[in-house]
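Here the structure comes first, spelled out in structure tokens, and everything after it is commentary.
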Amino acid sequence: EDKVVQSPLSLVVHEGDTVTLNCSYEVTNFRSLLWYKQEKKAPTFLFMLTSSGIEKKSGRLSSILDKKELFSILNITATQTGDSAVYLCAVSIIQGAQKLVFGQGTRLTINP
Amino acid sequence: KAGVTQTPRYLIKTRGQQVTLSCSPISGHRSVSWYQQTPGQGLQFLFEYFSETQRNKGNFPGRFSGRQFSNSRSEMNVSTLELGDSALYLCASSPTGQGAHEQYFGPGTRLTVT
């Protein structure tokens, strides 16, 4: 069965800290890995990763994929209270359809 | 470009009733996927439509069904509602059916079954 596991499930840090969120996966037909940010509404797309070792960066957020070890990390530097959210990792699998398998999410809380 | 839209945003139904949810994808997107989000199970894939054809279905009972129209708009139907169907139902659209593409989510429909 296809599985995506995120860790930690919950994280509380102070504003200005750097955080690393982890995502490991076991799927049969990997196509890509996606990161989303979810506040009190729909998930917002952050990154899509398809190749190992190539860092994707957007402002203070960055992510990288290791297809050999089957994991990805999402880094957030100089955290702000607005970064508080649930961060979801999802893997797109090849099944002739656009299907995402999601992890449980990491709830990140940034305290001022 | 307008984002993914879903209607209605909130819905309260009684056990045994049926419900229809609607999703309009981003203009030009032809793939629409549906997900159920609950606190216990997280986000789970329901089904995906591309060019009016269902291409994949998740592990949900037959009470959950859907369809897609020629303009790519999609509807999801749940019949004989159960309390456990209370959830946030999200749809996501993607540009094409091939290759690796990001999916963009709509705001969701919050369904409460009493």
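Given H placed 1.01 Å from N in the peptide plane, which residues other than close sequence neighbours of residue A:27 have an amide H under 5 Å from its amide H?
Long-range HN contacts for residue A:27: A:3.
Say each of residue A:40 and residue A:20 gets a label point 7 Å from the Cα, pointing the same way as Cα to Cβ; how far apart are those two points in nm?
Computed distance between label sites residue A:40 and residue A:20 equals 3.3 nm.
Taking only the C-alpha atoms, wrap a convex hull around chain A and report its volume per residue in Å³ as a whole number.
Roughly 94 Å³ of hull volume per residue.
With a 1.4 Å probe and all protein chains in place, put B:67, B:15 in order of accessible area, largest first.
B:15, B:67
Sticking to Cα atoms, compute the Rg of chain B to one decimal and its Dmax as the biggest Cα-Cα distance, whole number, in Å.
13.3, 41
Considering all alpha-carbon pairs of the range B:1-60, what whole percent are spaced by more than 19 angstrom?
Counting every Cα pair in the range B:1-60, those more than 19 Å apart make up 44 percent.
Calculate one ³J(HN,Hα) per residue across the range A:49-54 by plugging θ = phi - 60° into the Karplus curve 6.51 cos²θ - 1.76 cosθ + 1.60, and present them in order as whole Hz with x for glycine and proline.
Taking θ as phi minus 60°, the curve returns 10, 10, 10, 5, x, 9 Hz for the range A:49-54.
For the protein assembly as shown, what is the convex hull volume of the alpha-carbon atoms per residue, in Å³? Please list the in-between numbers first.
Values: hull volume 27.9 nm³, N = 226.
Measuring per residue, one finds 123 Å³ for the Cα hull of the protein assembly as shown.
So what J values fall out for the range A:56-67 if you push phi through Karplus, 6.51 cos²θ - 1.76 cosθ + 1.60 with θ = phi - 60°, rounded to Hz, Gly and Pro as x?
Karplus-based 3J(HN,Hα) across the range A:56-67 equals 9, 9, 8, x, 8, 9, 8, 8, 9, 10, 10, 6 Hz.
Would you mind working out the accessible area per residue for chain A, using a 1.4 Å probe, and quoting it in Å²?
Dividing the accessible area of chain A by its residue count gives 48 Å².
At what distance in angstrom do the alpha carbon centres of the range B:1-54 and the range A:68-112 lie from each other?
Value for the Cα centre distance between the two parts: 21 Å.
Within 10 Å of each Cβ in peptide B:104-114, how many partner chain Cβ atoms are there on average? Round it to a whole number, please. Walk me through the numbers on the way to the answer.
Details: counts 5, 7, 2, 2, 3, 0, 0, 0, 0, 0, 0.
Across the residues of B:104-114, the mean count of other-chain Cβ atoms within 10 Å is 2.
Please give me the summed charge of the neighbours of residue A:8: other residues whose Cβ is under 15 Å from its Cβ, Lys and Arg +1, Asp and Glu -1. All intermediate terms of the calculation are to be shown ahead of the outcome.
On the way: positive: A:107; negative: A:17.
Value of the local net charge: 0.
For the pairs A:3/A:99; A:3/B:57; A:3/A:37; A:56/B:57; A:40/A:99; A:37/A:99, note any where the Cα-Cα span goes beyond 21 Å.
A:56/B:57; A:40/A:99, as the Cα separations exceed 21 Å there.
Each residue of the range B:71-77 in turn: what ³J(HN,Hα) in whole Hz from Karplus with 6.51, -1.76, 1.60 and θ = phi - 60°, glycine and Pro shown as x?
In residue order, the calculated couplings are 8, 6, 4, 10, 10, 10, 10 Hz.
Please give me the summed charge of the neighbours of residue A:75: other residues whose Cβ is under 13 Å from its Cβ, Lys and Arg +1, Asp and Glu -1.
Net of charged neighbours comes to 0.
All other residues with a Cβ under 15 Å from the Cβ of residue B:62 taken together, and with Lys, Arg as +1 and Asp, Glu as -1, what is their net charge?
+1
The values are calculated or read from the model by the stated rules, or taken from the named source; none is laboratory data. In this text the structure is predicted, and so the values were computed from the model without any measurement. Note that each Cβ is placed from the backbone with ideal geometry, even for glycine, and that neighbours are counted across all protein chains shown. The protein model used for the area step is the full one, side chains on, heavy atoms only, and it has no ligands, DNA or RNA in it. Shrake-Rupley method; radii C 1.70, N 1.55, O 1.52, S 1.80 Å.
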